[in-house]
Amino acid sequence: MAQDGRAGRRRAFIGSFTAAGGPGLVTAEVARDTGALTLVSAVQDLPDPSYLALSPDGRTLYAVSETAEGAVAAYRVTGDRPEPLGAPVPVNGSSPTHLGLYAGHVLTANYGCGSVTAVPLRPDGALAGAPSGRLQHTGSGPHDRRQRGPHAHQVQPDPSGRWAVSVDLGTDSVRVCTLADGTPAVHREFALRPGSGPRHLAFHPGGEHAYVVNELTPTVTVCRWDAAGGSLKPLTEIPVLPGAPAGDAYPSGIVVSPDGRFVWTATRGEDVLSVLRVQEDGLRLIGTVPCGGHWPRALAGHNGFLYAANERSGDVTWFAVDDVTGIPRYDGSVRVAAASCVVLG
């Protein structure tokens, strides 16, 4: 988690949709013992900063601007208010929903047009200028409304740092990529079940498995991951709800515990957090708990706590996780209109 060295204070950062009344990029102080959030400041210089990422050293914060034009911005983390590091850079792709750091670049997943953009970074973490390259996904899926074309929803490095992994909801696939002269290039593409609508992927800390949460069906696909060859093999698909949903059920975030014993997911509509235990043959659903709000768009974990950004109720809730059972216990919330994500180092 980002920490202010002068005062020994820890920070979390919250993204929100300004077009829906959100305050923009929010900084919060994190209580060490309870995980509670106290809002400190808000920066509204970037439209719809829906997803954020911290540099490994916690000194630089990156945000996408999830607009039709699409952009990415960098901020220096100092004191109570992140300071912009230059102007936002257009990503040449519409509605970027996610970003990750890989090989000296920030990569954005552009949902609207189904592409991944690479923007080079300077040594100080600032954006170096215009994008160095862009990878256009192709394909479609069986869902007549959501899968007429590609929709890149997430991009991140694998734990080894050798590969960048892009999850595409529209094509029911995961692409494993590298950078060739600053341009994302596909190493291999791996198909998931047609119509599953993969949204986000999280790696097991052991490095041999990955878990893909699916948005169009409330499930998690368990995959074997081979970092040496950049290979992803789907093994099984596990429901994240104990029965058929009563109405809308769109999974969003996924978190793996640092010790690798549990996986947690968030599901919008049902508005629950699911607890799954890691087993040798996959995952087992333990149960669900209410998310404490409405429409949990993203889920984050740190130091025994889980945080849910609830977009439609406009709040961020936090939970203490039982060490033995993995079940989250609701502990509190703060008001953040149109909250979209929480980032903790």
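Full extension of the chain between residue 188 and residue 33 yields a length gain of 51.4 nm, computed as 0.36 nm times the residue separation minus the alpha carbon distance. Simple spin-label estimate for residue 244 and residue 320 gives 4.0 nm between the two label positions (7 Å along the Cα-to-Cβ direction from each Cα). Label 7 Å along Cα→Cβ of residue 208; the range 228-247 residues with amide nitrogen under 15 Å? Hits in the range 228-247 for residue 208 at 15 Å: 228-229, 233, 235.
With point charges of +1 on the Cβ of Lys and Arg and -1 on the Cβ of Asp and Glu, referenced to the Cα centre of the range 195-275, which listed residue (202, 213, 232) lies farthest in the positive direction of the dipole? My answer, from the dipole projection, is 232. What is the chain by shape, rounded, prolate or oblate, if you read a ≥ b ≥ c off the alpha carbon gyration tensor as root eigenvalues and call it rounded for a/c under 1.5, prolate for a/b larger than b/c, and oblate otherwise? Rounded shape, in that the Cα axes give a/c under 1.5.
Measuring from centroid to centroid over Cα atoms, what is the spacing of the range 285-345 and the range 99-150 in Å? For the range 285-345 versus the range 99-150, the Cα centre distance is 27 Å. Tell me whether the range 174-271 comes out rounded, prolate or oblate; compute the Cα gyration tensor, take square roots of the eigenvalues as a ≥ b ≥ c, and use a/c under 1.5 as the rounded threshold. The shape class here is prolate.
Once backbone amide H atoms are built at 1.01 Å from N, residue 270 has 250 as its partners under 5 Å, excluding neighbours fewer than 5 places away on the same chain. Once the Cα-Cα distance is subtracted from the 0.36 nm per residue extended length, the residue 68 to residue 178 segment shows a gain of 37.0 nm. For the range 178-219, what does the alpha-carbon gyration tensor say about shape, rounded, prolate or oblate, given a ≥ b ≥ c as the root eigenvalues, a/c under 1.5 as rounded, and a/b over b/c as prolate? Because a/c hits 1.5 or more and a/b fails to exceed b/c, the range 178-219 counts as oblate.
Would you mind counting up the charge near residue 116? Only other residues with Cβ under 13 Å from its Cβ, with Lys and Arg at +1 and Asp and Glu at -1. With Lys, Arg at +1 and Asp, Glu at -1, the neighbours total 0. Considering only 88, 332, 167, and ranking their Cα positions along the charge dipole of the chain that arises from unit charges at the beta-carbon of Lys, Arg, Asp and Glu, the one farthest toward the positive end is 88. For the range 183-291, a crude dipole built from +1 on the beta carbon of Lys and Arg and -1 on the beta carbon of Asp and Glu, taken about the Cα centre, is about 100 debye to the nearest 20.
Every number in this text was worked out from the coordinates using simple rules, so none of it is lab data. All figures in this text were calculated on a predicted structure; none of them were measured in a lab. FYI the Cβ positions are ideal-geometry reconstructions off the backbone, even for glycines, and counts take in every protein chain you see.
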